[in-house]
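Enquirer: Just dropping this structure here.
The values are calculated or read from the model by the stated rules, or taken from the named source; none is laboratory data. Please read all numbers here as calculations on a predicted model, not as lab measurements. A quick note on method: Cβ atoms are made from the backbone with ideal geometry, for glycine too, and the neighbour counts reach across all protein chains shown.
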Amino acid sequence: MRKHIVAGNWKMNCTFTEADELVEGIMEQLEQKDLDSNTILVVCPPYPYLEMTTDYANDSYFAVGAQNVAAEERGAFTGEVSAEMLESMEIDYCIVGHSERRAYYGETDRVVATKVDRLLAHGLKPIVCVGEVLEEREAGRQLEVVKTQVEQSLFHLSAEQMQEVVIAYEPVWAIGTGKTATPEQAQEIHAHIRSLLAGKYGQAVADEISILYGGSCKPSNAKELFACPDIDGGLIGGASLKADDFIAIALSF
Ligand code: PEP
């Protein structure tokens, strides 16, 4: 059975004190409520809080992820953080190709592919985001857009490498807007992604890969989204900043 994953993307939010309180809140919730043993919870704070979050995670049952990684291996790249650094801090996951990185920092599929390679070489699991913008959906191009993103950012990988990857389908029009894809809209794209994976790597590999939904997912809509056969969890933005909402989402399987 493939893993259910609920990952919280805090983005550029929280002071150190707020971050500390949020992780403590998550720990308290986890002490009170039992997550399904097939569910992995991932907390992705900003870089400066990774160490604090990992210290807490060691006493609890959640994994830690970064929100970005450098495309380069090491050297004179001021302000960047490498996969090697993340590995040395025992970080488990890293988000790549988030639509905000694509839109504001020019992250192309080619850059995403390089970042995926760096992460895999250092033993981290990439959470690779794909998804169409509103104009593309309105033009009925969502399947084609997602196909290109999946192929160009991932299809250079071997089947063995592919099994380390998590994919997040995030329709850009649903991120931070309060508009959620309907379960039917999300399931259609998730099934499409899985069939692309099956075509390239075979059904057995495709069946092992967790595909998360992201875009205004919250406790009130998580259950119906997670009930879809090809939705294996969520990448959660806004709702991951409240410990009880985040855990309520993780309990929605
Ligand atoms: C995200 O940024 O990955 C995201 C899904 O955000 P939100 O849940 O706030 O829409």
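Enquirer: Only residues in the stretch 19-34 that are more than 16 Å from Asp55 (Cα to Cα) count as the first member; pair them with residues that are part of a helix (DSSP H, G or I), Cβ under 7 angstrom, at least 6 apart or cross-chain, and list the lot.
Expert: Gln29/Ala243; Gln29/Asp244; Gln29/Ile247; Lys33/Ile247
Enquirer: Kindly indicate whether any position in the stretch 131-142 is under 25 Å from Thr39 (Cβ atoms), of a type in the set (A, V, I, L, M, F, W, C) and either in contact (Cβ under 8 Å) with a residue 60 or more places away in the chain or surrounded by fewer than 19 Cβ atoms within 10 Å (Cβ to Cβ) (or both).
Expert: Going residue by residue through the stretch 131-142, those that are under 25 Å from Thr39 (Cβ atoms) are 131.
Filter once more, so that each one left must be of a type in the set (A, V, I, L, M, F, W, C): none.
No, the conditions are met nowhere in the stretch 131-142.
Enquirer: Need the failing condition index for Ile167 against (1) more than 15 Å from the ligand (Cβ to nearest atom); (2) closer than 15 Å to Tyr201 by Cβ; (3) aliphatic (A, V, I, L, M), just the number.
Expert: (1)
Enquirer: Quick check on the stretch 82-118: of everything there that is aliphatic (A, V, I, L, M) and surrounded by fewer than 17 Cβ atoms within 10 Å (Cβ to Cβ), which residue is farthest from the chain's Cα centre (by Cα)? Break it down stepwise before answering.
Expert: Restricting attention to the stretch 82-118, the residues satisfying the condition of being aliphatic (A, V, I, L, M) are 83, 85-86, 89, 91, 95-96, 103, 111-113, 116.
Filter again for surrounded by fewer than 17 Cβ atoms within 10 Å (Cβ to Cβ), leaving 89, 103.
Details: Met89: 19, Ala103: 17 Å.
Ranking the candidates gives Met89 first.
Enquirer: Quick one: Arg101 ticks every box in (1) within 15 Å of the ligand (Cβ to nearest atom); (2) among the basic types (Lys, Arg); (3) under 27 Å from Met1 (Cβ atoms) bar one, so which box is it?
Expert: So Arg101 meets the others, but not (3).
Enquirer: Take Phe155 and decide whether it is surrounded by fewer than 16 Cβ atoms within 10 Å (Cβ to Cβ) and of a type in the set (A, V, I, L, M, F, W, C).
Expert: On the way: surrounded by fewer than 16 Cβ atoms within 10 Å (Cβ to Cβ): yes; of a type in the set (A, V, I, L, M, F, W, C): yes.
The answer is yes for Phe155.
Enquirer: Let me ask something additional. Filter the stretch 119-158 down to the residues that are hydroxyl-bearing (Ser, Thr, Tyr) and assigned to a helix (DSSP H, G or I) and list them by number. Can you show your working first?
Expert: Going through the stretch 119-158, the residues hydroxyl-bearing (Ser, Thr, Tyr) turn out to be 148, 153, 158.
Of everything in the stretch 119-158, those that are hydroxyl-bearing (Ser, Thr, Tyr) and assigned to a helix (DSSP H, G or I) turn out to be Thr148, Ser153.
Enquirer: Can you report the number of residues in the stretch 27-45 which are within 16 Å of the ligand (Cβ to nearest atom) and either under 16 Å from Asp59 (Cα atoms) or of a type in the set (D, E, K, R) (or both)?
Expert: Applying the first criterion (within 16 Å of the ligand (Cβ to nearest atom)) to the stretch 27-45 yields 41-45.
Checking the rest, the ones that are also either under 16 Å from Asp59 (Cα atoms) or of a type in the set (D, E, K, R) (or both) come to 41-43.
Count: 3.
Enquirer: Please verify whether Glu90 is within 26 Å of His192 (Cα to Cα) and in contact (Cβ under 8 Å) with a residue 24 or more places away in the chain, treating the condition exactly as stated.
Expert: Values: within 26 Å of His192 (Cα to Cα): no; in contact (Cβ under 8 Å) with a residue 24 or more places away in the chain: yes.
Answer is no for this residue.
Enquirer: Shifting gears a bit: Please list, ordered by first then second residue, the pairs with beta carbon atoms under 9 Å, 6 or more apart or interchain, first in the stretch 214-237 and in contact (Cβ under 8 Å) with a residue 60 or more places away in the chain, second of a type in the set (Phe, Trp, Tyr) and away from the ligand (no atom under 15 Å from the Cβ).
Expert: Phe226/Phe253; Gly233/Phe253
Enquirer: Say whether the condition of being modelled with pLDDT under 95, over 25 Å from Phe155 (Cβ atoms) and touching a Phe, Trp or Tyr at 6+ places or on another chain (Cβ under 7 Å) is met by at least one residue in the stretch 36-43.
Expert: Looking through the stretch 36-43, at least one residue is modelled with pLDDT under 95, over 25 Å from Phe155 (Cβ atoms) and touching a Phe, Trp or Tyr at 6+ places or on another chain (Cβ under 7 Å).
Enquirer: Right, here's the next one. Considering only the stretch 240-248, I want to know if a residue exists there that is more than 19 Å from Phe62 (Cα to Cα), within 16 Å of the ligand (Cβ to nearest atom) and crowded, with 22+ Cβ neighbours inside 10 Å. Lay out the reasoning, then the answer.
Expert: Here is the first cut: in the stretch 240-248, the residues more than 19 Å from Phe62 (Cα to Cα) are none.
No - not one qualifying residue is present in the stretch 240-248.
Enquirer: To continue, here is another question. For the structure I just gave you, tell me whether Ile26 is farther than 24 Å from Glu164 by Cα, at pLDDT 95 or above, surrounded by 20 or more Cβ atoms within 10 Å (Cβ to Cβ) and in contact with a strand residue (DSSP E or B) (Cβ under 7 Å, 6 or more places away or on another chain).
Expert: Details: farther than 24 Å from Glu164 by Cα: yes; at pLDDT 95 or above: yes; surrounded by 20 or more Cβ atoms within 10 Å (Cβ to Cβ): yes; in contact with a strand residue (DSSP E or B) (Cβ under 7 Å, 6 or more places away or on another chain): yes.
Yes; evaluated as a whole, the condition is true for this residue.
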